[in-house]
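The values are calculated or read from the model by the stated rules, or taken from the named source; none is laboratory data. What you see is a predicted model; the values in this text were computed from it and never measured. Glycine also receives a Cβ, built like all others from the backbone with ideal geometry; neighbour counts cover every protein chain displayed. In case anyone asks, the SASA skips ligands and DNA or RNA and just uses the protein heavy atoms, side chains included. Shrake-Rupley method; radii C 1.70, N 1.55, O 1.52, S 1.80 Å.
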Amino acid sequence: DELCVMYAGRIVERGAVDDVIETSVHPYTRGLIGSVPSRNPRGQPLRQIPGMAPPPFALPQGCPFRPRCPRADDACLAVPEMVEHMPGRFARCQHPHLEDAA
Ligand code: SF4
């Protein structure tokens, strides 16, 4: 019933399966789901998340996804806490996509 998405060894998003898949709020989840082949136009290069996941012994300062995140800014130099941004929707992100989340 519930889905957890992990990045660099930590849960970064949690919520009902359909909510997380259809309207993910964490930029990593969005990138991950956006790279699924069936969600990409046929004949076009697959969308990818740029860069690589960091090794656990060399995490960047603040949010571990910061070097790869299109929404990163100076606020992301602080480690984000897991926050319930709306009922049942949890994300560890300073700038979650809440605009179309339900
Ligand atoms: S905290 Fe910042 S860097 Fe990390 S996922 Fe959210 S917006 Fe991106």
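For the stretch 34-48, give me the residue count where each residue is of a type in the set (Lys, Arg) and within 17 Å of residue 20 (Cα to Cα).
Residues in the stretch 34-48 being of a type in the set (Lys, Arg) and within 17 Å of residue 20 (Cα to Cα): 1 in total.
Report yes if residue 60 is of a type outside the set (A, V, I, L, M), surrounded by fewer than 17 Cβ atoms within 10 Å (Cβ to Cβ) and modelled with pLDDT of 95 or more, otherwise no.
yes
For the condition on the phi < 0 side of the Ramachandran plot and either open to solvent by less than 50 Å² (accessible area, probe 1.4 Å) or modelled with pLDDT of 95 or more (or both), what is the one hit in 54, 37, 45, 41?
Going through 54, 37, 45, 41 in turn, the sole match is 54.
One residue is enough: does the stretch 88-98 have a residue meeting the conditions within 14 Å of the ligand (Cβ to nearest atom) and either over 13 Å from the mean Cα position of the chain (by Cα) or of a type in the set (Asp, Glu) (or both)?
no
Quick check, is residue 82 modelled with pLDDT of 95 or more and among the hydrophobic types (A, V, I, L, M, F, W, C)?
When the stated conditions are applied, residue 82 passes them.
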